[in-house]
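Please read the structure below before turning to the comments.
The values are calculated or read from the model by the stated rules, or taken from the named source; none is laboratory data. Bear in mind that the values here come from a model prediction, so they are computed numbers and not experimental data. Every residue, glycine among them, receives a Cβ derived from its backbone with ideal geometry; neighbour counts consider all protein chains shown. These accessible areas exclude ligands, DNA and RNA; they are computed on the full protein's heavy atoms, side chains included. Shrake-Rupley method; radii C 1.70, N 1.55, O 1.52, S 1.80 Å.
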Amino acid sequence: MNNRLKVLRAERNWSQAELAERLDVSRQAVNAIETGKHDPSLPLAFRIARLFALPIEEIFDDGNG
Amino acid sequence: MTETAETAGRAKALGVALRLGGGFFLAIFGAGIAAGVFSAWQEHGEWRSGVLIGLALAALALATGAWLMLSVRGRIAMPRSPRVRRSRIVFYVSMIVSVALGLLAGIGGQVSDGMPDSHAYLAPITDASPIGRVFAVALLIGWVVVMAVSIYWHMTLDEIERAEYEFGAVLALYGYITITPVWWVAWRGGILPEPNQAIVFVAVCIIWCIGWGWRRWR
């Protein structure tokens, strides 16, 4: 699944570690999501969406939209 | 970035590298001294002033190494959420208890065997000779503590890290249900020696680590 996490993070000038701290996950977890190695669970996807104040579908794209 | 800032950044990185490198060197040096002193102590079978001096030197090297490594902690620390911080602390506690247990098993095994040869440190893994009941109970209690800490640590992980370990665990389970019957059948067929559960245990742990590592760094 594609996502805009890296772009959104860069827009706010946050490091992976800073984003990870805000999401209550490890920096490695943020890296895994940004590089598409791991698709987050629904609860984590909601946390990400709330943090960036965006709908989930504006952050994640399953390619079928 | 200005030239002054770049130079300061490089100097800081060099300082961190030197302290970390020095810390690792001293820690290994201290552990080496301790191992040598214990070995010599077993060989001679009595306390000598050299043992005390050696142990003091080892403790000094280990303490200096630990101080050097801890001194750079503030410079390389990244922001971490409370849950991630707790997870890391529990992990380090688990590591310390495991290392202590390993040292106890290694030293205790050598002492109970009474054979201070260079291969005696392997005895706790592959040797099936009897050990003292008190020693066995101490090891069992230690193992239960390590498992309890590990389970708690597993619960503190975020979903991505947990998925990495669980992938490794599934791979290890497949390894176990492959190695065990294959070795057993091969032994009955006269192809391999009798199955050794300790070797199977180590192999399963290695497969777990490989699975976890592949999932993490693929």
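How well do other chains shield peptide A:15-24, expressed as the mean number of their Cβ atoms within 10 Å of each residue Cβ?
Working: counts 2, 1, 6, 2, 1, 6, 7, 2, 3, 6.
Across the residues of A:15-24, the mean count of other-chain Cβ atoms within 10 Å is 4.
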| query | How do A:VAL7, B:VAL97, B:VAL200 stack up against each other in accessible area, from largest to smallest, with a 1.4 angstrom probe? | reply | A:VAL7, B:VAL97, B:VAL200
| said: Under a crude label model (7 Å from the Cα following the beta-carbon direction), how far is B:TRP187 from B:ALA138 in nanometres? | reply: 3.0 nm
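Any idea of the accessible area per residue across chain A, 1.4 Å probe, to the nearest Å²?
Details: 3640 Å² over 65 residues.
Heavy-atom accessible area per residue stands at 56 Å².
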| task | Name all residues of segment B:162-179 having a backbone nitrogen under 16 Å from the label point set 7 Å from the Cα of A:LYS37 along its Cα→Cβ direction, giving them as ranges. | result | B:162-169
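Could you sort B:ILE89, B:ILE28 by accessible area so the largest value comes first, with the probe set to 1.4 Å?
Numbers: B:ILE89 95, B:ILE28 125 Å².
Most to least solvent-accessible, the answer reads B:ILE28, B:ILE89.
How long are the semi-axes of the equivalent ellipsoid of segment B:158-218, taking √(5λ) for every eigenvalue λ of the Cα gyration tensor, in whole Å from largest down? Intermediate results must be reported in sequence, preceding the final value.
Details: eigenvalues 165, 15, 13 Å².
Gyration-tensor ellipsoid for segment B:158-218: 29, 9, 8 Å.
Rounded to the nearest 100 Å², what's the accessible area chains B and A bury against each other, both chains counted, probe 1.4 Å? Before the final figure, lay out each step's value.
Working: alone 15190 and 4280 Å², together 18140 Å².
Interface between B and A: roughly 1300 Å².
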| message | Under 4 °C and 1.567 mPa s, how fast does the protein assembly as shown diffuse according to Stokes-Einstein, given a Kirkwood radius computed over C-alpha pairs? Answer in µm²/s, whole number. | response | 56 µm²/s
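Other chains near B:157-166: what is the mean number of their Cβ atoms within 10 Å of each residue's Cβ? Display every interim value, and only then the final one.
Values: counts 3, 12, 8, 14, 6, 1, 4, 5, 0, 0.
Counting Cβ atoms of other protein chains within 10 Å of each residue's Cβ and averaging gives 5.
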| task | Over the alpha-carbon set of chain A, work out the extent along each principal axis and list the three values in angstrom, largest first. | result | 31, 22, 20
| message | Could you check the spin-label model distance between B:CYS209 and B:LEU103? Points 7 Å from the Cα along Cα→Cβ, value in nm. | response | 2.0 nm
| note | Ranking B:LYS12, A:LYS37, A:LYS6 from most to least accessible area with a 1.4 Å probe gives A:LYS6, B:LYS12, A:LYS37
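For B:GLY65, what charge total do you get from the other residues with a beta carbon under 15 Å from its beta carbon, if Lys and Arg give +1 and Asp and Glu give -1?
Numbers: positive: B:ARG19, B:ARG73; negative: none.
Local net charge: +2.
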